[in-house]
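Nothing in this text is a laboratory measurement; each read-out follows from the coordinates by a stated rule. Because the structure is predicted, anything quoted here is derived from the model rather than measured. A quick note on method: Cβ atoms are made from the backbone with ideal geometry, for glycine too, and the neighbour counts reach across all protein chains shown.
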Amino acid sequence: MQVVNIRQLKSNPSMALRGARDNDMVVVMTRDHPTALLIDLEKLGLPDLGAVRVALAVSLFRAGAISAGFAARMADKPLPDMLTLLSSLSIPLTGASAADAVDDLHAGRQWLVGKA
């Protein structure tokens, strides 16, 4: 087990990640209090790490923290498969409202008519 403080984590995050990979875990301390644990997912011995990666990717995408493309790479899936999965879970693929999507579609059609 390795211990790092917040300053060390900010100045050299790769050291902490390497510690999590090489050791069991890294404890992140704020002053004298443990605040967080860094654990390498490979070390957890999960029976289906691929499913965990997909679940994390879906959760992060739903929260708006990552793009669909990043979620696909994180889940090790082709982008069309990831988009299909997100759609099947009724997760909106854009942050826009339905009214905004209709307005954008209308504007796109007008632009296409003007180009013809």
Based on the alpha-carbon gyration tensor of the stretch 2-44 and its eigenvalue square roots a ≥ b ≥ c, which shape applies: rounded if a/c is under 1.5, prolate if not and a/b is larger than b/c, or oblate?
oblate
Applying the gyration tensor rule to the Cα atoms of the chain (axes a ≥ b ≥ c; rounded if a/c under 1.5, else prolate if a/b exceeds b/c, else oblate), the class is prolate
For a quick check: with amide H placed at 1.01 Å from N, whose amide H comes under 5 Å from residue 29's, ignoring anything fewer than 5 positions away on the same chain?
4, 5, 6, 35
Can you give me the relative contact order of the chain as a percent, contacts being Cα pairs under 8 Å and 6 or more apart?
14
Can you tell me how the stretch 51-90 classifies by the Cα gyration tensor, rounded, prolate or oblate, using a/c under 1.5 as the rounded cut?
rounded
Ranked by how many other beta carbons lie within 10 Å on average, peptides 87-94, 70-77 from highest:
70-77, 87-94
Can you give the helix-only mean residue ellipticity at 222 nm for the chain, where every DSSP H stretch with n ≥ 4 adds -39500 (n - 2.57) and the sum goes over all residues, rounded to the nearest 500 deg cm²/dmol?
-17000 deg cm²/dmol
By how many degrees, 0 to 90 and rounded to 10, does the Cα axis of helix 79-88 deviate from the longest principal axis of the chain?
80
